[in-house]
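Written out below as structure tokens is the structure these notes cover.
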Amino acid sequence: MEDRKTTVAEQVVNQLAESGVKHLYAITGDSLNAVTDAITRDGRIKFIHMRHEEAAAFAASAEAQLTGKMAACAGSSGPGHVHLINGLYDANRSNAPVLAIASTCASAVFGTEYFQETNPTLLFSNCSVYNEMAITPAQVPSMLHAAMQAAIGRGGVGVVGIPEDVTTKDAITDPTTFTPSYVNRTDLPSEEDIKSAANLINSAKTVAIYCGYGAAGVPEKVKKLADKLKAPVITSYKSQLELTRDMPNYVGHMGYLGMWSGEEAVATADIVLILGTNFPYPGFFPAEKRSIQVDVRAYRLGKRANLDLGVRADVDSFIDALLPAVEEKTDTAFLDKALDGWKQIQDKMQEPVKNPGKVGCIRPEYMIATLDRLAADDAVFTVDTGMNNVWTAHYLTGGKSRRMLASFMHGSMANALPMAIGAAVAAPGRQVISISGDGGFAMLMGELLTVAQYQLPVKILVADNRALAFVKWEMEMAGYNPSEVSLQNPDFAEMVKPLGFHAETVTDPAKLEDAMKRWLAADGPALLSVVTDTDAASFTFSEKLMDAAAPGNHKSNFIALGS
Ligand SMILES: Cc1ncc(C[n+]2csc(CCOP(=O)(O)OP(=O)(O)O)c2C)c(N)n1
Ligand SMILES: [Mg+2]
């Protein structure tokens, strides 16, 4: 064999493999080819050949969120890496540790309007926690390391731009010394903060506990604290599967996907304990000083609420320290009222489930409630942005170890299918269910070919309501006559049958359950297209909120509005 030096591309692959990267979601081409070739020859990393780089970024993000480990994606010059951007925005805003390699044209032609020339550093500046370009071979290992460590340590996207000519040069630094470290996100609260928090809580008559995803890992501790304080528990959409099952004090979400019982508890408690959240909407947490917020990311404290006290700590350690410091409350009136509201909402929410619609107009609430009954205890659900967020927020419940991935903070359409690919690749053997809108599904429909190519046993549910229904509702609420929201769809099941999918279209609600059982039991890729009611729009937030969103324009099909 020829005695030659390691190339930068080979060094990159070695460093990624040594750093635990198992898959590279990408489309190869031009400046990325040397890296692709090195991956193939090395054999430790599986190249997952996607059909759109945006999907590659979503898939990497899903893998990272599901495994808690860093995942990687790449795009070739110009349009190749430009396509990554929406998925990377989502990953970054989800605090998903993702490394993105943006290969680019040769350094000699930078700044000359060369074919496919972009400036990756400018391009990715707003969707990354680290974003640099290596111009010399010597920079590559240290920049890669810094990008990976930033992705892990800060929670987000690390981008390294690598010009084509650099990838083929001889490597310079020994790569084995540059692998990232994982650290526990433990941040103990100070004694003083615990004392202040306990004082505020002990002198309050009523407490409400709002849990974001930062509390998702410690449901038992939240339960103990809530029980001691007789406090209602409100969750975010993102933390719902982890925190709502076996949580006796749970009273719903808060916000536009939320329930008025949760909203009211936060609005009326003497003290609101806000745990591990970046809930994005202002106006829901108290504007007056009656909140304590806890977050490992101290820069998030007080962003949406006027705080009595901001505590930098992880939720786990905070509850451990707080529990012995607070006095047990005995008055359950506040909690009982909130639980009663939650019960009223749940009863109302059963109406469209008991009355699941007509042929050609299946209630989506029934669809998701049925899925909730049939899905595995450890299913991974990936959910597109649109009305599916409403239905999954209302009807998807936690299992032993279910997970839900969605575009929670970025709110992008089309995330569900590529996230399902990442989940299926990262967790073979686990049931992965993609819940798409017909609009979102069509946007990255090419990824069906990726599913077919790798024979991923993803179960794809499409809510075919022939519309951008969420936007139709938005326009109605704002007083517009909805326009440009209709979709003419093919029969999606017939469309994917030639790919070898198990596929069915359901129009009759009476046939949904059996079709769903067949779909979930299918061996390989499977698609279920459900023809749903375009106008289903049952919301459970308060009338006050509805008035704020659309004064005087309440529609009769908004069920379950409360006090
Ligand atoms: C990439 C992207 N484009 C546009 C939007 C604005 N938007 C939000 S929801 C939505 C409609 C979604 O339609 P569909 O996927 O059919 O779901 P439905 O609401 O009908 O259930 C649109 C256009 C967005 N969030 N993301
Ligand atoms: Mg739709």
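Bear in mind these aren't lab numbers, they're just calculated from the coordinates by the rules spelled out. Computed from a prediction, not measured in an experiment: that's the story for all the values here. Note: ideal-geometry Cβ built from the backbone for every residue, glycine included; neighbour counts use all protein chains shown.
See the values below:
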read-out: Angle between the chain longest axis and helix 416-426 axis [Cα atoms, degrees, rounded to 10]; value: 70
read-out: Charge context of residue 80, other residues only, Cβ under 14 angstrom, K/R +1, D/E -1; value: -4
read-out: Set of segment 296-329 residues, backbone N closer than 17 Å to the point 7 Å along the Cα-Cβ line of residue 227; value: 319-329
read-out: Principal axis box of segment 144-191, alpha-carbon based, largest edge first, Å; value: 54, 21, 11
read-out: Shape metrics for segment 276-337, restricted to C-alpha atoms - Rg then Dmax, Å; value: 13.3, 35
read-out: Nearest-20 debye value, the chain charge dipole, Cβ charges on Lys, Arg, Asp, Glu; value: 900
read-out: Whole-Hz ³J(HN,Hα) from phi, Karplus 6.51 cos²θ - 1.76 cosθ + 1.60, for segment 15-23, glycine and proline x; value: 5, 5, 4, 5, 8, x, 5, 9, 9
read-out: Positive-pole candidate from 77, 252, 425, dipole of the chain, charges at beta carbon; value: 252
read-out: Fewest-first ranking of 263, 132, using other Cβ atoms within 10 Å as the exposure measure; value: 132, 263
read-out: Segment 535-547 - phi-based ³J(HN,Hα) in whole Hz, Karplus 6.51/-1.76/1.60, Gly and Pro as x; value: 9, 4, 8, 8, 10, 10, 7, 7, 5, 4, 5, 4, 5
read-out: Local electrostatic count at residue 225 - Lys and Arg +1, Asp and Glu -1, tallied over other residues with Cβ under 12 Å; value: +1
read-out: Most positive-pole-ward Cα, 339, 128, 489, against dipole of the chain from beta carbon charges; value: 339
read-out: Rounded Å value of the spacing that divides the Cα centres of segment 345-424 and segment 124-155; value: 36
read-out: Trypsin sites (Lys or Arg not before Pro) restricted to DSSP loop in segment 158-227 with at most 12 other C-beta within 10 Å; value: 205
read-out: Projected area, mean over directions - the chain, Cα convex hull, nm²; value: 27.2
read-out: Förster radius 41 Å - calculated FRET efficiency between residue 377 and residue 195 (Cβ-Cβ, nearest 0.05); value: 0.50
read-out: Estimated distance in nm for a label pair at residue 333 and residue 268, the labels positioned 7 Å out from Cα along Cα-to-Cβ; value: 1.1
read-out: Per residue Cα convex hull volume in Å³ - calculated over segment 339-425; value: 124
read-out: Which of 395, 213, 281 has the fewest Cβ neighbours within 10 Å, and the rest in rising order; value: 281, 395, 213
read-out: Net length gained if the chain between residue 135 and residue 475 were fully extended (0.36 nm per residue, minus Cα distance); value: 117.5 nm
read-out: Listed residue (201, 115, 368) projecting farthest to the positive dipole end of the chain, Cβ model; value: 201
